[in-house]
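The values are calculated or read from the model by the stated rules, or taken from the named source; none is laboratory data. On a predicted model such as this, the values are computed, not experimentally measured, just so you know. A quick note on method: Cβ atoms are made from the backbone with ideal geometry, for glycine too, and the neighbour counts reach across all protein chains shown.
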Amino acid sequence: MKIPFGERFNLTEMGNDLRVAFFLVFKAITRGNKYTLVLTILVTTLAFINIIFTSAIMNGAISKAYQQAKENYVSNIVILPAVDDKYINQAHQLKTKIDTLPGVISCSSRYSQSGLIRYDPENDNLDVREKAWNIKSINPDEEVRVTNLQGYMIAGRYLEEGDRDQIIMGREISGGYGASFQISSLKGAQVGDEVTIRYGNGVERDYRIKGIYNTYFPLADLNVFVTEKEMESVLGLHNRASEVLIKTDGSVPERVYIDRLRMMGIEEEQLNVWMDFIGYISGLTQTFDIVKTIVTFIGLLVAGVTIFIVIFIATVNRRRQIGILKAIGMKERIIILSYIFQAIFYAFLGIIAGLIVIHAGLVPYFIRHPLPMPIGLVSLALVRQDMAVAMLSMLLVSVVAGFIPSWMVTRQNIIKAIWG
């Protein structure tokens, strides 16, 4: 079966064919039904917006999860004790060494100890709420340079160096404030309330809740913090750590810093990047990618079918006109090109209109009103590569949608086309 585009032609002839094809497109659009034109562009616009919007939401969620992990959970790199050790020894000297590494912004050490948190709201032993959890310590002056928890306080204040009888906790521990794990929390502990913690080593201390924070990231909000000096008093230790968090400037991948740390002599301790602590996010990323692919395919299919129907109806209605054009010597490829250009015109205007709506409407709106999701407040994250793929795919679909119906009609016999 011979396809009209297989005919030979030189550059001059091709230029003439293109001019004639554009002329036919101009006449078809200007003399066509304006309502059909507007509705076709509207459908392609909505299809394009649907593709970009879904992709941007998925990318925004993934980006927010990664940001939360690095800013509020474990920073960029975490040093853990050697496999056979419970603590990192000589923690102060280790942090001094790490701070000299180019690209390291700061580091902070933490202790971690199991404990039972006891909360009696009325101090009458009638409605006692208990929760077993790991209690962590922070050096407030160091921690503010490594994580950003101090920026998410929703009640009370952040810890200070001299706070020995005060604690802060995430909303998922305190309960209330829209906590996701309300049933397993302290069910409404407030700033100023007192709690008792019985540590795993048998030490028992009373604390006043100084602050409650909420990052909207459960892994970060499921934490209770005391000061480093308080935890060393509880454990009877000094200059050790359960973990050391390292914040980098992102100039090179975290694995590069791990290699540099090994070269500095940190050989026995376990070195981990932030991604090692959020395994479920990786599965979430894969799920989002699958959903994004499905939605993109459906959006392109809707746009392609719409353009196909419009072009098909146009070619059927103009079948006699096409037969006459062929009878007077019009090349089939010119007719087909005219309908392909018409389809591209619909897709192009749909893309332009979609970009205007996205950049002028959707993006500013979601910046002001981010979506509350289990991983944080999510805004749209436009990725140039995804947008380029969507635009090219839309144009490619329009070419196919314009070619098939026009090719089908131009194959008909001239007499049949004119009198059929």
_Those residues of the range 365-394 which are part of a strand (DSSP E or B) and either in contact with a strand residue (DSSP E or B) (Cβ under 9 Å, 6 or more places away or on another chain) or not assigned by TED's automatic domain parsing to the domain that holds LEU349 (or both), in sequence order_ = LEU371, PRO372, LEU377, VAL378
*Flag for THR40 being modelled with pLDDT under 85 and either at positive phi or surrounded by 14 or more Cβ atoms within 10 Å (Cβ to Cβ) (or both)*: yes
*asked:* Where the second residue is of a type in the set (Val, Ile, Thr) and surrounded by 15 or more Cβ atoms within 10 Å (Cβ to Cβ) and the first is in contact (Cβ under 8 Å) with a residue 60 or more places away in the chain and lies in the range 228-242, which pairs have Cβ atoms under 7 Å and are six or more apart or on separate chains?
replied: GLU228/ILE138; ARG240/ILE88; ALA241/ILE88
_Residue among ARG260, ARG198, ARG240 that is touching a Gly at 6+ places or on another chain (Cβ under 7 Å) and charged (D, E, K, R)_ = ARG198
_Here are the criteria: (1) exposed (fewer than 15 other Cβ atoms within 10 Å of the Cβ); (2) among the aliphatic types (A, V, I, L, M); (3) within 31 Å of the chain's Cα centre (by Cα). Tell me which single one ALA179 does not satisfy._
(1)
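If you scan the range 224-272, which residues turn out to be of a type in the set (Asp, Glu) and at pLDDT 95 or above?
Here is the first cut: in the range 224-272, the ones of a type in the set (Asp, Glu) are 228, 230, 232, 243, 249, 254, 259, 267-269.
GLU228, GLU230, GLU232, GLU243 - these are the residues of the range 224-272 that are of a type in the set (Asp, Glu) and at pLDDT 95 or above.
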_Residue ID - modelled with the highest pLDDT, chosen from residues in the range 23-37 that are surrounded by 14 or more Cβ atoms within 10 Å (Cβ to Cβ) and under 16 Å from ILE336 (Cα atoms)_ = PHE26
